[in-house]
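Peer 1: This is the structure I want to talk about, given as structure tokens.
The values are calculated or read from the model by the stated rules, or taken from the named source; none is laboratory data. All values reported here derive from a predicted model rather than from experimental measurement. FYI the Cβ positions are ideal-geometry reconstructions off the backbone, even for glycines, and counts take in every protein chain you see. What goes into the accessible areas is simple: the full protein's heavy atoms, side chains included, and nothing from ligands, DNA or RNA. Shrake-Rupley method; radii C 1.70, N 1.55, O 1.52, S 1.80 Å.
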Amino acid sequence: MKKIRVAVVGLGFIGGCHIDAIRRVFGTEIMAVSDVNEDAVNRYSSALGVKGYADYREMLEREDIDALHDCTPNSMHYDVTKAAIEAGVHVYGEKPLAATLEKGAELVRLANGKGVFCAVNFNYRANAVVWEMRERLGRIPAEGGAGRCFLIHGRYLQDWLSRAEDYDWRVTEAGDGPRALADIGSHWFDLARFVYGKKIVSVCAEPFVAYKTRIDKEVNSDDGAIVIARFEDGLAASLVISQVSNGYKNDLSISADCAEYSLRWRQQDADKLIIGRRNGGEETIFTSSQYFTGGAKERATLPAGHPVGWADSLKNSIQAFYDGLRSENSNCHNALCGFEDALWVMKVADACVRSGRSAKWVDV
């Protein structure tokens, strides 16, 4: 098997996570890294024994690479990804696809025109429990399915911006566009679509700003939102998003309430699926291939009782990306959020902002 030659641009927290996951994927080899931070470049290039670059454009010109991981800040996604696509390099990028809908649409057009394989990292869809939810929602009750779905609801709560002195580049970079909605809400939008198999087509949202200023900087982007949504088949959904909820660290959860039973997953307890029944209460199913079905089985890589978590989902996502480069296996592609789907997620977040301004339901 020919090794896939990989480069990583952006060496902050998420870039380091990508590097760790790439090294766990058989048949890949990191050839180069790039970042504007000289210390980060020196640290990673030395540790990996590869060439480091301050300028990703120079790296693309000099290095013979097959795929690039774009782990840069949001405002750089368009430029980095565009340069890679134009060089004929496959791209696995962090979300959002781009900083604006116009630039996101342009990347979709460029990728389709060049015929390169591209995806955006929504790694929660690669969790084995999430796959089992998807499997059960797609089966009829006679085969163990959950039955007709009545409601999907959930939350994504964090507390890292709960004080006025808390600040991050995302706060002002978002301008008056979606911020918490794009940063964490986007994960829930993609997750709900993945498990249910249908798109959200309209929203009624109430975004909020907890602090109008942070460290003397004006804040126009949302700290959270309450969202009511409607799927393309008419099913209702509700979601609470917040980055100012004390005590909640990375509390992503989703519940699908169906005729036979409910299905619940919480990211902070990522290796367990909760089945809720009217008679008998709650049943906890641990992540294990012996309990799971369909595409979930191959993602339950450890024995029951050995927690499968965030880093494993990221590795599963990146594994699917490289499997997709080598084959047309549908399970590989189902695990990935392609550029067109990533653009749709951006449109949902944008629709939530427009709904908040108009105090009306807005179509995506």
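Peer 1: I'm checking my understanding of the structure. Among residues of the range 107-139 that are out of contact with any Leu (no Cβ under 9 Å at 6 or more places or on another chain) and closer than 20 Å to Y78 by Cα, which one is most open to solvent (accessible area, probe 1.4 Å)?
Peer 2: The extreme case among them is R109.
Peer 1: Go through (1) at pLDDT 95 or above; (2) small (G, A, S); (3) surrounded by 13 or more Cβ atoms within 10 Å (Cβ to Cβ) one by one and return the number of the condition G12 breaks.
Peer 2: For G12, the exception is condition (1).
Peer 1: Quick one: is W160 modelled with pLDDT under 95 and surrounded by fewer than 17 Cβ atoms within 10 Å (Cβ to Cβ)?
Peer 2: Numbers: modelled with pLDDT under 95: no; surrounded by fewer than 17 Cβ atoms within 10 Å (Cβ to Cβ): yes.
Here the answer is no, as W160 does not meet what is asked.
Peer 1: State yes or no: is D216 open to solvent by 10 Å² or more (accessible area, probe 1.4 Å) and either over 19 Å from R357 (Cβ atoms) or free of Cβ contacts under 8 Å to residues at least 40 places away in the same chain (or both)?
Peer 2: Answer is yes for this residue.
Peer 1: Does the range 135-155 include one or more residues that are aliphatic (A, V, I, L, M) and under 26 Å from R354 (Cβ atoms)?
Peer 2: yes
Peer 1: Tally up the residues in the range 3-36 that are assigned to a loop (DSSP other than H, G, I, E, B) and in contact with a Lys or Arg (Cβ under 9 Å, 6 or more places away or on another chain), please.
Peer 2: Initial filter on the range 3-36 (assigned to a loop (DSSP other than H, G, I, E, B)): 3, 10-12, 23-27, 35-36.
So of that shortlist, the ones also in contact with a Lys or Arg (Cβ under 9 Å, 6 or more places away or on another chain) come out as 11, 24-25, 27.
Qualifying residue count, the range 3-36: 4.
Peer 1: In this structure, is E94 in contact with a Cys (Cβ under 8 Å, 6 or more places away or on another chain), among the acidic types (D, E), under 30 Å from G175 (Cβ atoms) and at pLDDT 95 or above?
Peer 2: Working: in contact with a Cys (Cβ under 8 Å, 6 or more places away or on another chain): yes; among the acidic types (D, E): yes; under 30 Å from G175 (Cβ atoms): yes; at pLDDT 95 or above: yes.
The answer is yes for E94.
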